[in-house]
Structures are given as C-alpha cells and as structure tokens.
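Each reported figure results from applying straightforward, stated rules to the coordinates on display, with no laboratory input. Just so we're clear, the structure is a prediction, and the values are computed from it rather than from any experiment. Cβ atoms come from the backbone with ideal geometry, glycine included; neighbour counts cover every protein chain shown.
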Amino acid sequence: MSILKIYQYPDTVLRKKTQKITTFDNDLTQVVDDMVETMYDAPGVGLAAPQVGKSIRLIVVDTTEDKEGDKEHMVLINPEIIESEGSQIDEEGCLSVPELSANVKRYQKITVCFQDIQGNSHELSTEDRFAVILQHEIDHLNGILFIDHLSPLKRSMYKKKVKKWLEKK
Ligand code: NI
C-alpha cells in the first residue's frame, strides 16, 4: 500500500469527467487499498478517486463508530443517488479545499445504489451526517466541490485567498 498525492483546488483533475468502473480486478483492489490508506493518513472521513488524480467513479468512506476499536470503512463503486428527501445544513471541509470549512445545504436522507469491490450491486439508505459525507464524495465524481454550493461571495473570497497562496509559492 502507498499514500497517494491529494490534488487540491484549483487543479483541473478535480473537474474532469469520471469513467464508470467495469473491471473488478487486482488493479482496482490496489487503488482502493491506497485510497483507504491515504484517507486515514490525511486524516479524512471520505475520499473520492478524482482527489488522488484518478478519473474513475470510486469513493471510500470511514464508517468507524467505536473510536477505541479498529478503523472501519466502506468502498462504493459507481455510486448513484436514486432517492432523496428533506434537507439539512451542516459544516463541511475537504482535503482538496484546504483552510476552509463552511455550511452546506444537503438532502437529509438519501438512497444510494453502488457496487462493491467484487462488482456486486447494493442499495443503501442513510441520513444525517453519513448522508452528507456520501453526497459530498459523490459530488467529487461529478467534478463538483463543496465550494460550488456556497454563495458567489464566499466562493470568490476563497478563490482570492488561493490565488494569493499560489503567488507566494
Ligand atoms: Ni471533498
């Protein structure tokens, strides 16, 4: 396993169209293992393939409930939101959007269909914080960052901040 580079805004790979995964082989398992290691190293609660420069429809999310116990995670391949209801506002951050956290409006409850690492299909209904994390990560597969959900003013303030950092580099 190895820790992968996490690409940050405004890198264009974060906006690139992603391909549906159709081959469930050792190479895919390798990518998944590396992404899980990279997520925990960061540390983060979720990671989408575009964040490590791979334009494929794959996300990993942390599902650890017992902080004392072993880390647990879930792998969702080709995830799609098939049902949604309600709304909630919660604070979000992103490993690809450094130095920013902000409130984002999301569905309160969602149902997601996805495939596991063997290619078997599943459906998952979830709500609250875990539903937020899944919506955030699935957005990444569509080239959408959480800053895209903010007001134009907040977004342009962040863009200016990033521009200044890049000029200093
Ligand atoms: Ni993110």
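Arrange 141, 153, 95 by Cβ neighbour counts within 10 Å, fewest through most, would you? Before the final figure, lay out each step's value.
On the way: 141 23, 153 8, 95 19.
Taking fewest neighbouring Cβ atoms as first place, the list is 153, 95, 141.
Among 74, 35, rank each residue by its count of other Cβ atoms within 10 Å, from fewest to most, as a rough exposure measure. Show your work: numbers first, answer last.
On the way: 74 17, 35 24.
Going from sparsest to densest Cβ surroundings: 74, 35.
When the dipole is taken about the Cα centre of segment 55-97, and only Lys, Arg (+1) and Asp, Glu (-1) are charged at their Cβ, what size is it in debye, to the nearest 20? Numbers along the way, then the final one.
Numbers: 3 positive and 12 negative charges, 66 e Å.
Computed charge dipole of segment 55-97: roughly 320 debye.
Pull out a ≥ b ≥ c, the square roots of the eigenvalues of the alpha-carbon gyration tensor of segment 12-168, then state rounded if a/c is under 1.5, prolate if not and a/b is larger than b/c, and oblate in the remaining case. Mind showing how you got there, number by number?
Numbers: a/c = 1.57, a/b = 1.32, b/c = 1.19.
Here segment 12-168 falls in the prolate category.
Dipole magnitude of segment 12-168 about its Cα centre, charges +1 at Lys/Arg Cβ and -1 at Asp/Glu Cβ only, in debye to the nearest 20? Mind dumping the intermediate values first?
On the way: 20 positive and 27 negative charges, 298 e Å.
In total the dipole reaches around 1440 debye.
Please report 99, 83 as a ranked list, fewest other C-beta atoms within 10 angstrom at the top and most at the bottom. Walk me through the numbers before you get to the answer.
Details: 99 9, 83 12.
Going from sparsest to densest Cβ surroundings: 99, 83.
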